[in-house]
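One structure is given below, encoded as structure tokens.
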């Protein structure tokens, strides 16, 4: 089926950065299409990272990736409100086990002050540290405490940006991998061949994650290379009495912030990521990797309840050989903008990156007019609130399905699942990322068949055609006679 | 819609434990009884256990799971027990307020004078055993596949590997084979199977499905759908034997790696749990650490036979009725400690004033063993000890007289053996 | 005919699970070796000559709450016939209302056993 689409701007990649760029562009009058090879948004690096908004003290301010993070934190908080992205400000501790690292902490603290952080301090008083983090190892000598650090659901944020972009006129095409790009000089436009058909656009923004360098090469740009670097994670069950309060880092290393231990915004504890070169399609966890993560996490929290691990997964960092973000006009074509190598602190920079990209597009000569129909707010799917019966029963009165609990572990109702389908989810993982159904301690052991039945009913799709995450990932082989 | 707000007895869970409780409560004259279940039907796990082997003890018949359930469903129909289906209990507090949710009532709270927890159990997952690899579809817990096949009517795949030789894994290996799947093999981490011999023969041997002991799945391969698993041999300490790994192509992996008593609601209520059994700490009356809250069925510990679950349902309600009638049951302050080769014992506490039935779960198989309770001088020969077969020991209260006089508060139960059962079978 | 067959069977009457060696000719058992007691002798004989099993499966049913109805053989069936029976049984379509014990197929495939419903499905 050859579909022919022609737009002003094409964004390749619907991860959180791609969706943020799309949303920024949707404020204006140019037609935008986002081309995504997966079935849903955020299924690359976005769905498998630590979910941290760094306070903004780290790094070499000559690097773009650190420069953009300074304002990134504050900007994210601002947008999170209008997009109804849940955020929790819990602070972060960079822990050191050896006084010899004190100067490193001090440098970070000073950098933070220079960047405008107000609540950043070094804590050497053990009691004060225990007050903040009662279960932190006694071997921690001191820690840099940055109160402005936050946790967020990265895929939830991508979904919010996707929904708002769609609402404001952006087109999203899924299951479409770009296989070649041809620039036509006469029409000054790019013709992209995808698995779903041809797409034409005057400008292309390449936000293709670990594959960004391969996309660049399609226009003859080999100015950078992306090495995918895998990080494995373990997720622990929700612990009733708060075992951990803030984001906890190891002493700063050379390549990476190291394996961290942090609560998630949903109440779990996540540990990871380790750091290993991998191939771009390798998202496997390994015994060695998980062992490394466990060991490092125990160094910070010796009594970490590892027996409550409920799942393990891995994500890929897109690391550019330039050691920094690659954001700017491609040297091969000045209508092709690279937004590549978005490794840590990429999530924190989500909105500073999208701002920067917009500025770049303006500089290239695009005359943007305001989109008069732009709606800045988006509402997240209403969930039941166990502390407020009357609010819930109001929900149930309007929609009976709010009384029907499907996922027992996470208390997700049928109403939320149906709404998630209305908002574009066609797979079990899509439902999972929008509603949390299947993310609890039983990992979908009870609710999976229910979710499949609901998808089957709502999308008029046979049970055996419902997939976990797109083509080929069916659950049931066939219906029994 | 539920009209009542106050109940004498609320039973959470309408499986065999809950149904037995409801029927017993009615027979004993309890007035307002509410039985709640999350499914649109009663029976709990039984309707999907279509195989036979149920009721051999209680009914002296070889019944299928659905038949066993139907007998109790029919009995309940003849009572005035209020049955609320498609309803999930969200919370229970110490004062026995029960919060539930369903389409008709929304979220509601009711008050109970006494509660029986009969929530059954859930399955251990891939994540909880830290299995590495990719995350394709096609990896299921055995119970989920049992539901899919027997109730929803869908086959999961074609080429099946089963991890875990407990009964559910064996039963599902047979079920899938009978439905035309290629069941490649059953792999078991331990050097012994925890399933019944009958199931090894009738599920595996009958169909030439290989069973490999001391093997486990060490890696999952598959981009979208499962493509293969890596199997490795383990040594006696359950460490992977180097260079023993091999790959098996398959599209379906069934995990039968353990069951965990379901206790989220119990925890929320503040009921004390036993980390050995995974369920609440109870006394000989099956009463939990909270007065008026009783526990039975797989929610208390994972049972082998549904017949015992039914019996426990009766015991729990006998106690609940005594509680409702303000009959003073003695305080339980003697701790029962699992000793040698014992995984857990129910009850965990006793008063010493009544007869007790100890339900003992062994850790490892043993031949020519004996059960020993040194503090009361009890010893019983047990020719054959299997983890998959619960041991019942009835101790009359006379035997406990002497112990009570000693003022000691701890009783240990050991399984000692003269010979270790290994792979010489 | 006049051939003596040797078979290994596992007795499952008690948890010991003795591995028993059975020699038989036609329908007559000549020798049993390996059993530790006499409790399982009848079972062992049948298991060697003509092992029987209870057959259970599900059939398709068109009802409001259920897509499948569990069914069983009322008596044990020859083990070797089971796969065949299950293949044939699928062709039977069941309609509510059905009660536990209702005969769905009498003397199925001339085996002398009936296939009966395992539960009630009323609508």
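In this structure, residue C:88 does not qualify as assigned to a loop (DSSP other than H, G, I, E, B), surrounded by fewer than 20 Cβ atoms within 10 Å (Cβ to Cβ) and out of contact with any strand residue (DSSP E or B) (no Cβ under 9 Å at 6 or more places or on another chain). Annotation: residue A:198 fulfils all but one of (1) over 26 Å from residue A:364 (Cα atoms); (2) surrounded by fewer than 18 Cβ atoms within 10 Å (Cβ to Cβ); (3) more than 14 Å from every other protein chain (Cβ to nearest Cβ); the unmet one is (1).
Yes/no per residue for (1) surrounded by 19 or more Cβ atoms within 10 Å (Cβ to Cβ); (2) facing chain B (nearest Cβ under 9 Å); (3) over 13 Å from the mean Cα position of the chain (by Cα):
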{"residue": "C:23", "(1), (2), (3)": "no, no, yes"}
{"residue": "C:26", "(1), (2), (3)": "no, no, yes"}
{"residue": "C:37", "(1), (2), (3)": "no, no, yes"}
{"residue": "C:40", "(1), (2), (3)": "yes, no, yes"}
{"residue": "C:72", "(1), (2), (3)": "yes, yes, no"}
{"residue": "C:79", "(1), (2), (3)": "no, yes, no"}
{"residue": "C:95", "(1), (2), (3)": "no, no, yes"}
{"residue": "C:115", "(1), (2), (3)": "yes, no, no"}
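So which residues in the stretch A:152-168 are more than 22 Å from residue A:73 (Cβ to Cβ) and surrounded by fewer than 23 Cβ atoms within 10 Å (Cβ to Cβ), if there are any at all? Of everything in the stretch A:152-168, those that are more than 22 Å from residue A:73 (Cβ to Cβ) and surrounded by fewer than 23 Cβ atoms within 10 Å (Cβ to Cβ) turn out to be A:163, A:166, A:167, A:168.
Could you please let me know if residue B:115 is at pLDDT below 95 and either surrounded by 21 or more Cβ atoms within 10 Å (Cβ to Cβ) or in the same structural domain as residue B:232 (by TED's automatic domain parsing) (or both)? When the stated conditions are applied, residue B:115 does not pass them.
Which ones in the stretch C:39-53 are assigned to a loop (DSSP other than H, G, I, E, B) and under 26 Å from residue B:304 (Cα atoms)? Of everything in the stretch C:39-53, those that are assigned to a loop (DSSP other than H, G, I, E, B) and under 26 Å from residue B:304 (Cα atoms) turn out to be C:39, C:40, C:51.
Can you find, within the stretch A:346-360, the residue that is surrounded by the most Cβ atoms within 10 Å (Cβ to Cβ) among those that are in contact (Cβ under 8 Å) with a residue 40 or more places away in the chain and either outside the structural domain of residue A:167 (by TED's automatic domain parsing) or in contact with a strand residue (DSSP E or B) (Cβ under 7 Å, 6 or more places away or on another chain) (or both)? The selected residue is A:348.
Just wondering, is there one or more residues in the stretch B:24-33 that are more than 14 Å from chain C (Cβ to nearest Cβ), surrounded by 16 or more Cβ atoms within 10 Å (Cβ to Cβ) and within 27 Å of residue A:384 (Cα to Cα)? Among the residues of the stretch B:24-33, not one is more than 14 Å from chain C (Cβ to nearest Cβ), surrounded by 16 or more Cβ atoms within 10 Å (Cβ to Cβ) and within 27 Å of residue A:384 (Cα to Cα), which makes the answer no. The set of residues in the stretch A:422-468 being over 22 Å from the mean Cα position of the chain (by Cα), more than 12 Å from every other protein chain (Cβ to nearest Cβ) and crowded, with 24+ Cβ neighbours inside 10 Å consists of A:455 alone. A count restricted to the stretch B:122-159 and to residues that are closer than 19 Å to residue B:228 by Cβ, under 21 Å from the mean Cα position of the chain (by Cα) and surrounded by fewer than 22 Cβ atoms within 10 Å (Cβ to Cβ) stands at 1.
A residue that is out of contact with any strand residue (DSSP E or B) (no Cβ under 9 Å at 6 or more places or on another chain), part of a loop (DSSP other than H, G, I, E, B) and facing chain B (nearest Cβ under 8 Å) occurs nowhere in the stretch A:385-393. Among the residues of the stretch B:279-291, at least one is touching a strand residue (DSSP E or B) at 6+ places or on another chain (Cβ under 9 Å), at pLDDT 95 or above, on the phi > 0 side of the Ramachandran plot and crowded, with 19+ Cβ neighbours inside 10 Å.
Of the strands (runs of 3 or more DSSP E) entirely within the stretch B:286-398, those holding at least 1 residues that are within 24 Å of the chain's Cα centre (by Cα), outside the structural domain of residue B:189 (by TED's automatic domain parsing) and farther than 21 Å from residue B:25 by Cα occupy B:334-338, B:342-346, B:356-362, B:366-373, B:378-385, B:391-395. Count, please, the residues in the stretch B:247-277 that happen to be outside any strand (DSSP E or B), under 15 Å from residue B:346 (Cβ atoms) and modelled with pLDDT of 95 or more. Looking only at that region, the number is 5. When residue C:65 is tested against (1) at pLDDT below 95; (2) surrounded by 15 or more Cβ atoms within 10 Å (Cβ to Cβ); (3) more than 16 Å from residue C:114 (Cβ to Cβ), exactly one condition is not met: (2).
Among the residues that make up the stretch C:42-57, is at least one of them under 19 Å from residue B:150 (Cα atoms), more than 11 Å from chain B (Cβ to nearest Cβ) and either over 12 Å from the mean Cα position of the chain (by Cα) or surrounded by 16 or more Cβ atoms within 10 Å (Cβ to Cβ) (or both)? The answer is no; no qualifying residue exists. Only residues that are assigned to a helix (DSSP H, G or I), under 27 Å from the mean Cα position of the chain (by Cα) and surrounded by 15 or more Cβ atoms within 10 Å (Cβ to Cβ) were counted in the stretch A:75-108, giving 6.
The rows are residues; the columns are (1) closer than 29 Å to residue B:242 by Cα; (2) modelled with pLDDT of 95 or more; (3) part of a strand (DSSP E or B).
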{"position": "A:224", "(1), (2), (3)": "no, yes, no"}
{"position": "A:232", "(1), (2), (3)": "yes, yes, yes"}
{"position": "A:244", "(1), (2), (3)": "no, yes, no"}
{"position": "A:251", "(1), (2), (3)": "no, no, no"}
{"position": "A:258", "(1), (2), (3)": "no, no, no"}
{"position": "A:261", "(1), (2), (3)": "no, yes, yes"}
{"position": "A:271", "(1), (2), (3)": "yes, yes, yes"}
{"position": "A:311", "(1), (2), (3)": "yes, yes, yes"}
{"position": "A:315", "(1), (2), (3)": "yes, yes, yes"}
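Please verify whether the stretch C:23-30 includes one or more residues that are part of a loop (DSSP other than H, G, I, E, B) and in contact with a strand residue (DSSP E or B) (Cβ under 8 Å, 6 or more places away or on another chain). The answer is no; no qualifying residue exists. Of everything in the stretch A:318-349 that is farther than 26 Å from residue A:365 by Cβ and assigned to a strand (DSSP E or B), the residue that is farthest from the chain's Cα centre (by Cα) is A:320.
Of all residues in the stretch A:411-446, those that are part of a loop (DSSP other than H, G, I, E, B), under 15 Å from residue A:381 (Cα atoms) and touching a helix residue (DSSP H, G or I) at 6+ places or on another chain (Cβ under 8 Å) total 4. Of the strands (runs of 3 or more DSSP E) entirely within the stretch B:88-203, those holding at least 1 residues that are in contact with a strand residue (DSSP E or B) (Cβ under 8 Å, 6 or more places away or on another chain) and away from chain A (no Cβ under 14 Å) occupy B:106-117, B:159-163, B:182-187. Among the residues of the stretch B:41-87, the one identified as closer than 13 Å to residue B:23 by Cβ, crowded, with 23+ Cβ neighbours inside 10 Å and facing chain C (nearest Cβ under 8 Å) is B:69.
From the list B:335, B:355, the one residue that fits, being within 30 Å of residue B:53 (Cβ to Cβ) and either surrounded by 18 or more Cβ atoms within 10 Å (Cβ to Cβ) or away from chain C (no Cβ under 14 Å) (or both), is B:355. Looking across B:262, B:227, one residue alone is within 12 Å of chain A (Cβ to nearest Cβ), in contact (Cβ under 8 Å) with a residue 60 or more places away in the chain and buried (at least 22 other Cβ atoms within 10 Å of the Cβ). It is B:262.
The values are calculated or read from the model by the stated rules, or taken from the named source; none is laboratory data. This structure is a prediction, so every number in the text was calculated from the model and none was measured. All Cβ positions, glycine included, derive from the backbone under ideal geometry; neighbour counts span all protein chains shown.
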